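Structure record follows, encoded as structure tokens.
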Amino acid sequence: MEDKNLSKALEIVSRLLTGEEVGRDDKGSAGLYDEYVNNGEVYDITVEICRKLNLLVFEHENSLYACAGENNRVFGYTNDEMKKEIGVRLNRELFLCYFIIYNIITRFYNDTGSYTFAEYIKAEEVIHAVDGSLSSVKSGLSVVALNEVEEHSFKTIALVWEDLPMMSGSGEDVAVRAARGSKLGFVKMTFNFLVKQGLMLEQEGRYYPKKRFRGMVEHYFKDYKGRLYEIMKGEA
């Protein structure tokens with residue numbers, strides 16, 4: 001192993017951890033990106049360091065990104081930390097927000113292999129998507145759920161969602177409030193979290209995916225998927 005290759009790999013990992021750009025079109029990191037792509041030792045060291053740190057590294061549109069792996073207590077969030085970040089108090093409310101995020105992802109991404117993204121999405125579209133997907137998953141839950149805990153979890157999410165009014169407040173408050181008192185409030189809290197994480201931009205009620213978000217979504221459908229994806233697709 002050459003010291004210069006180790007140094008380059010460490011710099012790449014450092015940039016990924018701090019959310020800095022590592023990409024071909026970025027003047028400050030274009031050389032590092034080329035080393036990752038073209039230098040096998042730099043690539044192997046970078047991937048191994050990320051693996052040891054329980055980080056997932058992926059490419060999208062000539063840029064590198066990293067996200068925390070499952071149960072990563074250092075670079076990821078615990079459930080309690082996520083509740084604080086989003087603004088909810090109960091686990092069932094947090095799980096509902098996770099489900100909303102899944103629906104936001106699927107509204108942007110067409111799972112056909114074409115990797116086609118919508119330009120933007122509105123909160124009202126997400127509400128309709130959650131209504132439809134919860135109705136669909138409930139009808140087949142007894143078949144696809146692996147155990148009673150999994151089945152109960154989805155039923156609890158559905159109960160929380162169904163008990164919520166479409167919106168709360170009146171006048172201007174309706175348009176801007178993100179709170180736990182309505183479906184619109186939950187969706188807006190979730191969007192606010194994604195904006196805070198640098199994954200989306202909001203403009204006049206429209207939410208636009210940033211490149212990092214598109215990369216994470218593509219990675220999810222291509223390489224990760226996970227249990228929620230299986231349930232939504234009706235896979236036991």
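The values are calculated or read from the model by the stated rules, or taken from the named source; none is laboratory data. Since we're looking at a predicted model, the values are computed, not measured. Ligands, DNA and RNA are stripped out before the accessible areas are found, and what is left, the full protein with its side chains, is counted by its heavy atoms. Shrake-Rupley method; radii C 1.70, N 1.55, O 1.52, S 1.80 Å.
Which value, in Å² and to the nearest 10, is the accessible area of I86 when all protein chains are kept and the probe is 1.4 Å?
The accessible area of I86 comes to roughly 10 Å².
Kindly report, to the nearest 10 Å², the accessible surface of D80 as traced by a 1.4 Å probe over protein heavy atoms only.
110 Å²
Using a 1.4 Å probe on the protein heavy atoms only, what accessible surface does L159 show? Give it in Å² to the nearest 10.
Accessible area of L159: about 100 Å².
Please list K122, K84, K183, K4 in order of solvent-accessible area, largest first, computed with a 1.4 Å probe with all protein chains present.
Accessible-area ranking of K122, K84, K183, K4, largest first: K84, K4, K122, K183.
Students sometimes get this wrong: rank E119, E204 by accessible area, probe 1.4 Å, all chains present, largest first.
So the residues, ranked largest to smallest area, are E204, E119.
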